[in-house]
1. Return yes when Gly192 is under 18 Å from Gly73 (Cα atoms) and in contact with a Ser or Thr (Cβ under 6 Å, 6 or more places away or on another chain) and no when it is not.
2. Going by what's in this entry, would Glu135 be described as on the phi < 0 side of the Ramachandran plot, surrounded by fewer than 17 Cβ atoms within 10 Å (Cβ to Cβ), out of contact with any helix residue (DSSP H, G or I) (no Cβ under 7 Å at 6 or more places or on another chain) and modelled with pLDDT of 80 or more?
3. Among the candidates Gly107, Gly161, Gly128, Gly140, single out the residue that is within 21 Å of Ala190 (Cβ to Cβ) and buried (at least 18 other Cβ atoms within 10 Å of the Cβ).
4. Among the numbered criteria (1) over 25 Å from Leu182 (Cβ atoms); (2) in contact (Cβ under 8 Å) with a residue 12 or more places away in the chain; (3) exposed (fewer than 15 other Cβ atoms within 10 Å of the Cβ), which single criterion is violated by Ala97?
5. Just to be sure before I move on: is Asp139 assigned to a strand (DSSP E or B) and of a type outside the set (S, T, N, Q) in the structure I sent?
6. Taking the criterion of being in a loop (DSSP other than H, G, I, E, B), in contact (Cβ under 8 Å) with a residue 12 or more places away in the chain and either among the aliphatic types (A, V, I, L, M) or touching a helix residue (DSSP H, G or I) at 6+ places or on another chain (Cβ under 7 Å) (or both), would at least one residue in region 142-161 satisfy it?
7. Hey, can you tell me all the residues within region 150-192 that are among the aliphatic types (A, V, I, L, M) and out of contact with any Lys or Arg (no Cβ under 6 Å at 6 or more places or on another chain)?
Amino acid sequence: MRRLGPIVLTLMLLAAGCGDDDTASTTSGAAATTTTGAATTTTAAPATTTSAGEDPTAERVAAAQELEGDYEGEWNNTTFDSTGPVTASIAVDPDAALATFTLDLGGNVFGAADPDPFTVEIDLSQEGPYQFTTELMGDGQFTLADGIVFFTAFSIDQLTGASMEVDGTVNSSGWDLFYKILNPAGSTFAEGTVEATRVG
């Protein structure tokens with residue numbers, strides 16, 4: 001199989017990019033920290049603008065708190081007719097303006113053995129898009145605004161440099177996502193869905 005960690009993005013997205021303001025005034029960069037086993041990586045995102053007269057950090061924290069909880073579901077690779085379970089949790093520390101997303105993908109992910117769970121920490125004092133690096137997906141970027149999530153993994157080592165895109169809806173009830181893996185030349189290699197429901 002060649003399942004995607006779309007969820008990964010998803011979740012990251014969920015936990016992270018929860019604040020979108022319209023009036024420009026302040027500029028900031030975003031950072032995401034990924035912990036896989038003992039390794040932790042923090043990367044900064046491009047600078048973006050937030051609205052004046054409001055507290056964008058408080059808005060992002062409040063939006064992330066709406067997604068806080070445990071999720072269960074499954075991924076389905078419709079190209080290769082493979083599937084596996086997905087479990088995830090999102091926790092928010094409002095005082096530190098920090099969201100923590102933990103994801104566990106089951107089954108043959110990217111055609112390999114069941115990967116270990118991983119955790120991503122998102123600095124909600126910064127505005128997205130959020131960049132990240134994980135052992136499973138390599139470098140990527142994601143955003144979440146108005147319940148729509150978009151995630152890109154730029155080059156996945158296990159798939160000989162193929163990229164992955166994930167988009168769909170995310171809310172406090174769960175996620176409904178579509179993903180596709182693109183060959184380096186741009187053609188579609190595989191696609192599928194990820195659905196999860198909030199269970200706690």
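The values are calculated or read from the model by the stated rules, or taken from the named source; none is laboratory data. Bear in mind the structure is a predicted one, so any value in this text is a computation, not a measurement. As a convention, Cβ positions derive from the backbone with ideal geometry for all residues, glycine included, and neighbour counts pool all protein chains shown.
1. yes
2. So Glu135 fits the description; yes.
3. After applying the criteria, what remains is Gly140.
4. Of (1) over 25 Å from Leu182 (Cβ atoms); (2) in contact (Cβ under 8 Å) with a residue 12 or more places away in the chain; (3) exposed (fewer than 15 other Cβ atoms within 10 Å of the Cβ), only one is false for Ala97: (3).
5. In short, yes.
6. no
7. Ala153, Ile156, Leu159, Ala162, Met164, Val166, Val170, Leu177, Ile181, Leu182, Ala185
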